[in-house]
Amino acid sequence: MIRTFRAPGRVNLIGEHTDYNQGLVLPMALDLATFVESAPNNTASVFVHSEHYKESREWPVDAIPQLEPVGDWGDYVAGVARELVRAGYRIEPRRLFIRSTVPEGAGLSSSAALEISCALALSFDQSVPPLELAKIGQRAEVEFVGLPCGIMDQYVSVFGREGTALMIDCLNLERQYVALPSGVSILAVNSMVKHSLARSAYRDRTEECAEAARCLGVRSLRDVSLTAFEVAAPAMPEAARNRARHVIEENERVRRFAVSNDPVELGRLLVESHRSLQHLYEVSCEELDFLVDAALEIDGVHGARVTGGGFGGCTINLVREGCEAGFTEAIQSAYRRRFGISPAVYRCVAAAGAGEIAPV
Ligand code: GLA
């Protein structure tokens with residue numbers, strides 16, 4: 001019997017580059033998602049086909065524990081398969097067919113959507129506990145694909161809930177559902193660029209944060225208050241100091257965002273987050289800064305910032321209800337004039353987390 005599994009992408013409202021520092025994040029799952037159809041295979045292999053790449057991969061089930069990355073899309077699937085086996089799950093010969101509506105390289109977590117949907121499809125009758133599923137997805141990315149990411153993307157892909165955002169405390173992995181602000185829409189604008197620096201810079205930032213924590217004598221940047229940081233800051237190397245300031249202040253912005261329903265304050269927090277990512281954390285780029293600056297000139301925009309890892313991908317924009325069409329038109333034409341590219345605009349709707357789609 002063919003079974004279909006779905007896992008969503010996400011936008012992060014606020015709390016950027018805090019997850020691998022045991023901090024707070026506030027993402028929501030999107031109605032953009034990856035779908036995997038899973039059918040029995042009559043050889044002793046897992047066969048995977050990607051509609052997007054128009055390519056297939058095949059691994060003998062017995063070889064899964066020894067798989068190594070080769071540097072393409074198949075690594076996300078192979079990594080999940082290997083991590084499932086390492087965690088004690090059984091993988092049966094299956095044929096997987098993957099299709100996705102999450103744009104790649106847009107900072108909307110197409111990789112987590114792929115990992116989680118495949119983890120469900122490969123483990124399909126074994127009911128992996130949800131938190132374990134998120135951790136297996138993260139481990140596939142960290143240990144197999146080789147990006148030392150935090151757990152935000154996989155976590156929200158699993159635990160997302162229709163109509164709400166999700167605050168995750170990455171220190172203890174507890175979660176709290178947070179109502180979305182009323183009277184506003186959240187629109188993502190895709191810069192349509194992804195600079196090649198993104199992966200190496202991400203790794204550099206994780207190392208700089210670890211160094212900052214060492215300077216401060218704490219296990220992670222979550223363990224230091226702003227007051228203690230201010231005392232130690234003058235003696236810290238500049239990069240470590242700036243990265244730490246961003247993380248510590250960003251956690252505070254998440255707390256404030258989660259309890260506010262005032263669009264003006266929410267917008268201000270988004271802009272503060274962006275400026276901090278631009279100047280202190282240094283993960284923005286010309287295109288993203290332009291999108292934020294241009295958005296802030298448009299009628300009905302309360303605030304805007306980069307979402308996701310940075311160096312391209314999307315901005316998110318908090319736009320007064322009723323102003324969405326004017327905003328879309330204005331931001332697209334401003335970006336086209338400046339960069340000659342037409343940016344895609346997505347209306348972000350908070351959708352449910354991953355699961356099986358009931359057969360129709
Ligand atoms: C990427 C990573 C996440 C997180 C964000 C930045 O999306 O996968 O774990 O670190 O960047 O907030």
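The values are calculated or read from the model by the stated rules, or taken from the named source; none is laboratory data. Everything numeric here is computed off the predicted structure, so don't read it as measured data. Reconstructed Cβ throughout: ideal geometry from the backbone, glycine too, with neighbour counts over all protein chains shown.
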Among the candidates Ser100, Ser109, single out the residue that is among the hydroxyl-bearing types (Ser, Thr, Tyr) and surrounded by fewer than 24 Cβ atoms within 10 Å (Cβ to Cβ). Ser100
Just checking, does segment 61-74 include any residue being out of contact with any Leu (no Cβ under 7 Å at 6 or more places or on another chain), among the small types (Gly, Ala, Ser), away from the ligand (no atom under 16 Å from the Cβ) and in a strand (DSSP E or B)? no
Would it be correct to say that Val271 is without any contact (Cβ under 8 Å) to a residue 40 or more places away in the chain, among the β-branched types (Val, Ile, Thr) and closer than 30 Å to Gly322 by Cβ? yes
Looking at segment 182-194, can you tell me whether even one residue there is of a type outside the set (Asp, Glu), over 22 Å from Val102 (Cβ atoms) and part of a loop (DSSP other than H, G, I, E, B)? yes
Flagged in segment 277-309 as under 23 Å from Thr206 (Cβ atoms), out of contact with any Ser or Thr (no Cβ under 6 Å at 6 or more places or on another chain) and not in a helix (DSSP H, G or I), in numbering order, are Leu280, Tyr281, Glu282, Val283, Ser284, Cys285, Thr307, Gly308, Gly309
Looking at Glu356, is it surrounded by fewer than 17 Cβ atoms within 10 Å (Cβ to Cβ), modelled with pLDDT of 95 or more, at negative phi and within 23 Å of the chain's Cα centre (by Cα)? yes
Subset of segment 302-335 (residues that are buried (at least 24 other Cβ atoms within 10 Å of the Cβ) and either of a type in the set (S, T, N, Q) or under 23 Å from Asp262 (Cα atoms) (or both)): His302, Gly303, Ala304, Arg305, Val306, Thr307, Thr315, Ile316, Asn317, Leu318, Val319
Contact list please: Cβ distance under 7 Å, first residue in segment 7-21 and within 12 Å of Gly160 (Cα to Cα), second residue assigned to a strand (DSSP E or B) and within 10 Å of the ligand (Cβ to nearest atom), pairs at least six apart or on different chains. Arg10/Pro27; Val11/Pro27; Asn12/Val25; Asn12/Pro27
Could you please find all residues in segment 171-222 being closer than 19 Å to Arg253 by Cα, among the basic types (Lys, Arg) and not assigned by TED's automatic domain parsing to the domain that holds Val102? Arg222
Give the number of residues within segment 134-172 that are surrounded by 24 or more Cβ atoms within 10 Å (Cβ to Cβ), more than 11 Å from the ligand (Cβ to nearest atom), in contact (Cβ under 8 Å) with a residue 60 or more places away in the chain and over 12 Å from Arg10 (Cα atoms). 1
What is the number of the single condition among (1) farther than 17 Å from Leu108 by Cβ; (2) within 16 Å of the ligand (Cβ to nearest atom); (3) of a type outside the set (S, T, N, Q) that Val283 does not meet? (1)
Which of the residues spanning segment 209-237 are among the β-branched types (Val, Ile, Thr) and crowded, with 16+ Cβ neighbours inside 10 Å? Val218, Val224
Sort out which residues of segment 175-206 are touching a residue at least 60 places away in the same chain (Cβ under 8 Å) and not hydrophobic (A, V, I, L, M, F, W, C), and write them in order of number. Gln176, Pro181, Ser182, Gly183, Ser185, Asn190, Ser191, Lys194, His195, Tyr202, Arg205, Thr206
